[in-house]
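Asks: For reference, the structure I am asking about is given below.
Every number here is computed from the coordinates shown, using simple stated rules; none is lab data. None of these values were measured; they are calculated from a predicted model. Ideal geometry is used to build each Cβ from the backbone, glycine not excepted, and the neighbour counts take in all protein chains shown.
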Amino acid sequence: MNRITINIPSIPDKAEFPLFFLIIFLPAYLAQTAMLPGLFDLPAFHSQSVLQALLVISLILYLFRKTPSQDDLYPSAFAGELRITHMLITLGGLGILYGIYTLILTFLLPPGMENPVLITRGIMLVPSLVTCLCAASMEEFFFRGYGYFRLRQSGFTPLSSVLIINTLFSLGHLYEGVPAALFAFASGLFLAFLVLKKISLFSMSAAHGIFNFLMILLSFLSGKGSL
């Protein structure tokens, strides 16, 4: 009995990152709409976000194991450690950038254009924290980790690699408005700088997730919520 074999061609390094961006992130980007009030009150939203993040992170780790580094492009970025100092540096930098961003918006935007209250039920704070940590980890590992190092392996310079990944990263936040996309680009540059300074993606992901959760918590408190 003859066997049928299927040969799947390998994906060139230069095509791998754009291909997976088109498959994984572009459809989600196109489907995104403005954040609805009470979005983080929905259990289905948390389940979908956590599942997507776990699948993407698993794919990234598989791709890196499949094509191990042949040079020093992987410093300590993928070191499996959580360092409090690295987390504090990341969290502090994001906080300063957000403070500048908020100050600028205060002068540019007319009154009455506050952000929607994203969570109204205190019981959903723990699921919100888990979702923020998973989503932040997915973004850090895909853009600042996988995307950056794949572009470097493909021959791009550090500067061009950083600009490309953060342009794509910021485009994914256009659904929140142009100011939010610009903030995403600026914060992405800061996070990419930390990777170049050999701060691990695990520490950055944790700080990024905590920062996003603090924004949700402030939204909850601004909606006259109570713990």
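Asks: Could you tell me the relative contact order of segment 130-227? Use alpha-carbon pairs under 8 Å, at least six residues apart, and round to a whole percent.
Replies: 39 percent
Asks: Given a Förster distance of 30 angstrom, what is the FRET efficiency for Phe193 paired with Leu61, based on the Cβ-Cβ distance and rounded to 0.05?
Replies: Efficiency computed from Cβ-Cβ geometry: 0.80.
Asks: Okay, moving on. Compute the length gained on full extension between Phe107 and Gln32: take 0.36 nm times their separation in residues and subtract their Cα-Cα distance, giving the result in nm to one decimal.
Replies: Working: separation 75, 0.36 × 75 = 27.00 nm, distance 2.74 nm.
Working it through step by step, the gained length comes to 24.3 nm.
Asks: Taking each pair of different alpha-carbon atoms in segment 91-173 once, compute 1/r for the pair, average those values, and report the inverse of that mean as the Kirkwood hydrodynamic radius in Å to one decimal. Mind dumping the intermediate values first?
Replies: Working: mean 1/r = 0.0635 Å⁻¹.
Kirkwood hydrodynamic radius for segment 91-173: 15.7 Å.
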